[in-house]
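Participant: Encoded as structure tokens, here's the structure I'll be asking about.
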Amino acid sequence: MESGAHAIGDVIMEWIRMVRAGQAKPRRVETLQTRAVSSTDLLEQVRALNQDEQVVPAAPILLAGAALEIALRAAIEEIGRTVDGRRSIDAYAQELRRAEVLNKQDIKDVTQIAGLRNNAAHGEFDLLSRERAGLMEQQVNLFLARLDEAVQQAI
């Protein structure tokens, strides 16, 4: 477990080094563009991490979870809602459900994705695999397309 955590840390530190060196640029965007960045830039990085045999599957899973969380938070902001208390994937999804942006199936999908992300975040590496990371990338991609449509209808 400790070596996996170090591997994730190494990947994140390398990304930070690249940003500082000007080799990679984190995009700063308006709320309306945040979901697009989540579904393109971050998920491209997820794919690249998952294809690198030296990277543990927890890294792309955590990044895919981050892409989902960013997109959900941006959707909340776009529709003019807020989340009180602990901010999390679940809290954002539930607020979008109350706003009738997400449906029951969307909530089930988000819960499943968040569960895998939590496994990675809590070091339950025996539950993770490169295949699950690839499936999570696809699932997040599909969900973000659905979220984009739902938010556009709600605005």
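Just so it is clear, none of the values below were taken in a lab; they were calculated from the coordinates. Model, not experiment: these values are computed from the prediction.
Participant: For segment 52-66, take each phi angle, set θ = phi - 60°, evaluate the Karplus expression 6.51 cos²θ - 1.76 cosθ + 1.60, and give the result in whole Hz per residue in order, putting x for glycine and proline.
Facilitator: Once θ is set to phi - 60°, the couplings for segment 52-66 become 7, 5, 7, 9, 5, x, 4, 4, x, 5, 5, 5, 5, x, 5 Hz.
Participant: Under a no-solvent Debye model with one identical scatterer per Cα of segment 37-129, what's log10 I(q)/I(0) at q = 0.16, 0.17, 0.23 Å⁻¹?
Facilitator: Rounded to two decimals, the profile gives -0.68, -0.75, -1.15.
Participant: For segment 132-146, take each phi angle, set θ = phi - 60°, evaluate the Karplus expression 6.51 cos²θ - 1.76 cosθ + 1.60, and give the result in whole Hz per residue in order, putting x for glycine and proline.
Facilitator: 5, 5, x, 5, 5, 4, 5, 5, 5, 4, 5, 5, 5, 5, 5
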